[in-house]
There are 2 protein chains.
Amino acid sequence: MPASSTVATAETSLTILGGGLVGSLLALYMARRGFPVQVLERRPDPRLAGPIEGRSINLALSDRGWRALEGVGIAEEIRQVGIPMYGRVMHDQQGRLTSQPYGAKDQAIYSVSRAGLNRTLLDLVEQQPGVAVRFEQQCLNVDVRNRRLELRDVPTDTVYEQQYSRLFGADGAYSAVRGALQKTDRFDYSQSYLEYGYKELNIAAGPAGSWQLEKHALHIWPRGQYMMIALPNLDGTFTCTLFFPYEGPHSFAALQTPAQVEFFFQEVFPDAAPLMPELTEDFFQNPTGSLVTVRCFPWSYQDSVLLLGDAAHAIVPFYGQGMNAGFEDCTILHQLLGEQDHDWQAVFDTFERQRKPNTDAMAEMAVYNFEEMRDRVADPRFLLQKKIESKISAQYPDQWVPLYPQVTFSHTPYAEAWADGQRQDQIMARLMPHIHSEADYDQPEVQALVAREMAAL
Amino acid sequence: MPASSTVATAETSLTILGGGLVGSLLALYMARRGFPVQVLERRPDPRLAGPIEGRSINLALSDRGWRALEGVGIAEEIRQVGIPMYGRVMHDQQGRLTSQPYGAKDQAIYSVSRAGLNRTLLDLVEQQPGVAVRFEQQCLNVDVRNRRLELRDVPTDTVYEQQYSRLFGADGAYSAVRGALQKTDRFDYSQSYLEYGYKELNIAAGPAGSWQLEKHALHIWPRGQYMMIALPNLDGTFTCTLFFPYEGPHSFAALQTPAQVEFFFQEVFPDAAPLMPELTEDFFQNPTGSLVTVRCFPWSYQDSVLLLGDAAHAIVPFYGQGMNAGFEDCTILHQLLGEQDHDWQAVFDTFERQRKPNTDAMAEMAVYNFEEMRDRVADPRFLLQKKIESKISAQYPDQWVPLYPQVTFSHTPYAEAWADGQRQDQIMARLMPHIHSEADYDQPEVQALVAREMAAL
């Protein structure tokens, strides 16, 4: 590790800042296209961390993510350690359950461990010729005009500089690369926080590693102004996330003692609380995370810098699309490089122009889905509407793919899916006043209304 | 100047970053309340710069700005060197003129020199006991948790640290203080650029320092997708600003040679071009400025940091309210300090909560006025509508103050003015289909319609 010196890199070599999910997947794609790749990651190698970390934080992989993993041939390996979730199970305040499938019978999203997925990707990256990964390299500054990184080697606390010929910012929601672009002229940027934070909690495994709730579902405890969700882990536990206001009568600010937390959970999550033996420890030891949406434009600087993943478009987690959108960035970049014969300037221009409206739409849908999950899924009229939508979709499969499956189980650009979803919402607003039960759907007058809407679509 | 050392300051002392218009006015207000004040300014003392600089960049002072200057007793002094502008004069492509008053007969906005105003404020600040101003002190970093500034003394290139007990960020649209707040958790932030840049140009004085256009007006050459404006200076010149797209058929990108610029100006600004002997030099020597709107929240960090002026709410210049809004910040802060007996935490909380909706509204109006100035003021129907609004306002003075005078000549909070303006727009949209000339206003059926609208207001 040369300290305080400048290392010149070859013209064709690529530097990726960030060795998380998107950075390591991108490294695989680029190395397989024949580029020398260097990955610089701020944190220590996650494969050297203990097994504890593997339990928490899971993600929902869906079709866009799978396609990106297929592109580098690792989808099957990951699928082995994922748990398919075929729908939502809603828990009401009396502990009663309602189910709602996500799509067709065999369509599922997969609960996977973020750390496990990252480790698998890093193993592949290290086996790939032409890629070098360096951990514990903190980016202090990016001089985009002179293509120069200022880095700190964390173990030795040594600051040094390094030239790059092409830099990919896959360094997440608080991207240092984006921070540098923000200081160039005419860079549009916004970071916007929800008034909600989140807290990770846990549901314990049952006897012999069994699951104490339905394993193949994403569980939701919708409570109007807040909610808890739970995703299954392989060891029989569930990782829960409480999405909760920072301030107000039911809020983080209002729960200050273990007794208050216990009482609150027994009151509002009565079926979950008994399954959470470490509730108060988790609640007070785990940090409260904040929920940010980041938008910016452009994503590139000339032909030398490109942002991808959360660095370009961090979204709130309520559609389970953050990682999937970042992975799709890799698929699309890979495809454009082929189409445009590695003309980087053209590729970057096309990429950001094509991709930006889609990630903007995804950002809106993610906030919208928060409202749906915490609030509307508890409403019988909303559940009836979802059932009617399924019937329409079954009757007119070519014309009507509901929003959730379109986002989750298709590769339709997000902006098109969102436009479709908004049209469908308008149609449902016209139809639902005529429908009071599932059976009403088969009434001739309702069928006529639906047929008319379909003809106008 | 102690280098690389830490200077402890008294508990009550205030540090103001930025010695521009808002920073120096704030220093005056605070020093007169009895606080020891230190002002740190990045640039050299503008009073030591040559007279050239004084010619360019002028501002339109209006009532909110005047009130703030009155509060420190310098309004009359500034008014002596300001030029009242009683309305807009529009220049069409054939050189024909149309006038439009800004308000009542004696209501005017004042063209003043930014540099001259800044120099006057700095003179007062230096005469004020208890204030120290230090120029050429560049802020490199703000550690808000430890109340510590990292500064660079520019002439000696020496980096040093300094504690503060209370810090005011009056350091403009690219505020270093805001940059530090942006890194704290849950700080909402956006910077958004127009697709337009601006270029400062000049209209020469006539013989013996006379004005070659009407002196007491703001001149506009509205051309649909772009426009030029001109404000009078004391020396007979006018400072022009061309607001022009970066890209497209008529744009900065399309004008690459002096011949192209000459041809374009003679074509689209035929009455102005002959008055601009230095046009092509100015065009290619002056930088192209960008137009940004900055929004953020919160504006404070605990009771130790507060943003004001452009640092909190930079807006585009089309309503002439940027400086006026920053000055109004000083008036309101001063007032809250009196009301809340110097409880800084309470003052900061109230200030940002009360002020933010108003500056957000002002930001929207500034963009809206751009569209009006470049496009609608050239439309005869729009001009007729403005005349009808004046008649309504004259007939119902207590119920109808048009938006422009309400923003410019009143102290009504911006958000209230904007809400009023939007209601008035809706009313005019209902009335105008019934009105085809000024005389129509006196028709009984139109009078009846107006009376009905006023009764419902």
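Has the stretch B:155-168 got at least one residue that is within 14 Å of another protein chain (Cβ to nearest Cβ), in contact (Cβ under 8 Å) with a residue 24 or more places away in the chain, closer than 26 Å to residue B:352 by Cα and out of contact with any Cys (no Cβ under 9 Å at 6 or more places or on another chain)? So far as the stretch B:155-168 goes, no, none of its residues is within 14 Å of another protein chain (Cβ to nearest Cβ), in contact (Cβ under 8 Å) with a residue 24 or more places away in the chain, closer than 26 Å to residue B:352 by Cα and out of contact with any Cys (no Cβ under 9 Å at 6 or more places or on another chain). The number of residues in the stretch B:441-457 that are out of contact with any His (no Cβ under 7 Å at 6 or more places or on another chain) and buried (at least 16 other Cβ atoms within 10 Å of the Cβ) comes to 3.
Put simply, of A:285, A:321 the only residue that is more than 14 Å from chain B (Cβ to nearest Cβ) and free of Cβ contacts under 8 Å to residues at least 60 places away in the same chain is A:285. Looking only at the stretch B:381-415, residues that are polar (S, T, N, Q) and either surrounded by 20 or more Cβ atoms within 10 Å (Cβ to Cβ) or over 28 Å from the mean Cα position of the chain (by Cα) (or both) come to 3 in all. Look at the stretch A:280-296 and say how many of its residues are aromatic (Phe, Trp, Tyr) and buried (at least 18 other Cβ atoms within 10 Å of the Cβ). Qualifying residue count for the region: 1.
From the residues in the stretch B:228-251 that are among the small types (Gly, Ala, Ser) and surrounded by fewer than 22 Cβ atoms within 10 Å (Cβ to Cβ), which one is farthest from residue B:373 (Cα to Cα)? Looking at residues that are among the small types (Gly, Ala, Ser) and surrounded by fewer than 22 Cβ atoms within 10 Å (Cβ to Cβ), I get B:236.
Among the numbered conditions (1) free of Cβ contacts under 8 Å to residues at least 24 places away in the same chain; (2) buried (at least 17 other Cβ atoms within 10 Å of the Cβ), the only one that residue A:421 does not meet is (1).
In the stretch A:176-194, the residue that is farthest from the chain's Cα centre (by Cα) out of those that are among the hydroxyl-bearing types (Ser, Thr, Tyr) and at the interface with chain B (Cβ under 9 Å from one of its Cβ atoms) is A:189. For residue B:173, the conditions (1) more than 30 Å from residue B:272 (Cβ to Cβ); (2) touching a helix residue (DSSP H, G or I) at 6+ places or on another chain (Cβ under 7 Å); (3) within 14 Å of chain A (Cβ to nearest Cβ) all hold with the exception of (1). So for the stretch B:195-212 (the condition being within 14 Å of another protein chain (Cβ to nearest Cβ), more than 25 Å from the chain's Cα centre (by Cα) and closer than 30 Å to residue A:294 by Cβ), does at least one residue qualify? No, that holds for no residue.
If you filter the stretch B:110-146 down to residues that are hydrophobic (A, V, I, L, M, F, W, C) and part of a strand (DSSP E or B), you find that the one that is farthest from residue A:140 (Cα to Cα) is B:112.
Looking at residue B:89, is it touching a residue at least 12 places away in the same chain (Cβ under 8 Å), farther than 30 Å from residue B:375 by Cβ and crowded, with 17+ Cβ neighbours inside 10 Å? So residue B:89 does not fit the description; no. Among the residues of the stretch A:152-175, the ones that are more than 28 Å from the chain's Cα centre (by Cα) and either among the hydrophobic types (A, V, I, L, M, F, W, C) or assigned by TED's automatic domain parsing to the domain that holds residue A:225 (or both) come to 2 in all. Criterion applied to B:373, B:323, B:362 was being surrounded by 19 or more Cβ atoms within 10 Å (Cβ to Cβ) and over 25 Å from residue B:171 (Cβ atoms), and the one residue passing it is B:373.
Being over 8 Å from the mean Cα position of the chain (by Cα), at negative phi and of a type in the set (Gly, Ala, Ser) is the filter here; which residues of the stretch B:308-324 pass it? Listed by number, the residues that qualify are B:311, B:312, B:314. Only strands (runs of 3 or more DSSP E) whose full extent lies in the stretch A:12-99 are considered here, and the ones with at least 1 residues that are within 30 Å of residue A:270 (Cα to Cα) are A:58-61, A:83-85, A:87-91.
One residue alone among A:343, A:303 is loosely packed, with under 15 Cβ neighbours inside 10 Å and either at pLDDT 95 or above or on the phi < 0 side of the Ramachandran plot (or both), and that residue is A:343.
Hey, does the stretch A:191-210 have a residue that's touching a strand residue (DSSP E or B) at 6+ places or on another chain (Cβ under 9 Å) and surrounded by fewer than 16 Cβ atoms within 10 Å (Cβ to Cβ)? Yes; the residues of the stretch A:191-210 include at least one that is touching a strand residue (DSSP E or B) at 6+ places or on another chain (Cβ under 9 Å) and surrounded by fewer than 16 Cβ atoms within 10 Å (Cβ to Cβ). The condition (being surrounded by fewer than 20 Cβ atoms within 10 Å (Cβ to Cβ), at pLDDT 95 or above and of a type outside the set (Phe, Trp, Tyr)) is satisfied by just one residue among B:225, B:266: B:266.
As a summary of the residue check, residue A:184 satisfies the conditions (1) at pLDDT 95 or above; (2) not in a strand (DSSP E or B) except for the one numbered (1). Scanning the stretch B:274-289 for residues that are in a helix (DSSP H, G or I) and not charged (D, E, K, R) yields B:274, B:275, B:279, B:280, B:283, B:284, B:285.
Do we find a residue being on the phi > 0 side of the Ramachandran plot, not aliphatic (A, V, I, L, M) and not assigned by TED's automatic domain parsing to the domain that holds residue A:331 anywhere in the stretch A:94-117? Yes; the residues of the stretch A:94-117 include at least one that is on the phi > 0 side of the Ramachandran plot, not aliphatic (A, V, I, L, M) and not assigned by TED's automatic domain parsing to the domain that holds residue A:331. Scanning the stretch A:338-358 for residues that are among the acidic types (Asp, Glu) and over 13 Å from residue A:305 (Cα atoms) turns up A:339, A:341, A:343.
Anything in the stretch A:245-282 that is within 14 Å of chain B (Cβ to nearest Cβ) and not hydroxyl-bearing (Ser, Thr, Tyr)? List them, or say none. The answer is A:245, A:247, A:252, A:253. When residue A:292 is tested against the conditions (1) assigned to a helix (DSSP H, G or I); (2) of a type in the set (Val, Ile, Thr); (3) over 25 Å from residue B:195 (Cα atoms), the lone failure is (1).
The values are calculated or read from the model by the stated rules, or taken from the named source; none is laboratory data. Quick caveat: nothing in here was measured; it's all calculated off a predicted structure. Glycine gets a Cβ as well: all are built from the backbone with ideal geometry, and neighbour counts include every protein chain shown.
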